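Take a look at the structure set out below.
Nothing in this text is a laboratory measurement; each read-out follows from the coordinates by a stated rule. Here the structure is a predicted model, which is why all the values come from computation and not from measurement. Methodologically, a virtual Cβ is constructed for each residue, glycine included, from the backbone with ideal geometry; neighbour enumeration extends over all protein chains shown.
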Amino acid sequence: MSRGSWPLLTALAARCCKWVTAWRSPVLLSVGAQDVSVPPAAAAGGSGLLGMRRGPRASVVIIQDGRLLMMQRIKQGKEYFVLPGGTIKAGETPAMACVRETREETGLSIWLAEQLCTLEHKGRIEHVFLASKFRGTLRLGGPELARMTPDNQYHLLWLDYAQLQQVKLRPKNLLVHCREWLWPVDE
């Protein structure tokens, strides 16, 4: 083994250590065995699964005081709302991506309870998880903050079910699930 290969091996060992640490995380273990790592072609988009332009997405349901945390998007004059989350990177499970994206976008650390459902919007798959608890200070961050312009806006808002009925949600079938998540169960 040549001396020049040591930096590469050191970097690989550091990555493996991060993956093992993430894999043993109680947050990720709480999701269960249904998570499967996303193949690089699918995470990268392009000619991945079903010819999607973007890879699958992971998102989170965070509920506080009967309200759901949503990301308001105003893009080129069009307004819509999505759950916090984002694209699953190569080698990540949907749960890992959900935790990472939530921390980047909202500043919140989350603990996942379970995967609630899988949605689809224009050929893009979205894995939706429930946060059993969260902590931190809610603030916009990550690439969303860096890309913020008057024509491309991101805002974090808490919305109750009545408010969710008045806004445009993406994916469109999200409202059906919001009702289930936010309405109290009849006893």
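Quotient of the Cα radius of gyration of the stretch 116-156 and 2.2 N^0.38 Å, N being its number of residues: 1.56. Working ranking of peptides 116-126, 130-140 by packing, defined as the average number of other Cβ atoms within 10 Å per residue, highest first, is 116-126, 130-140.
Residues whose amide H comes within less than 5 Å of that of residue 86, counting only those at least five positions distant or on another chain, are 58 (H built at 1.01 Å from N in the peptide plane).
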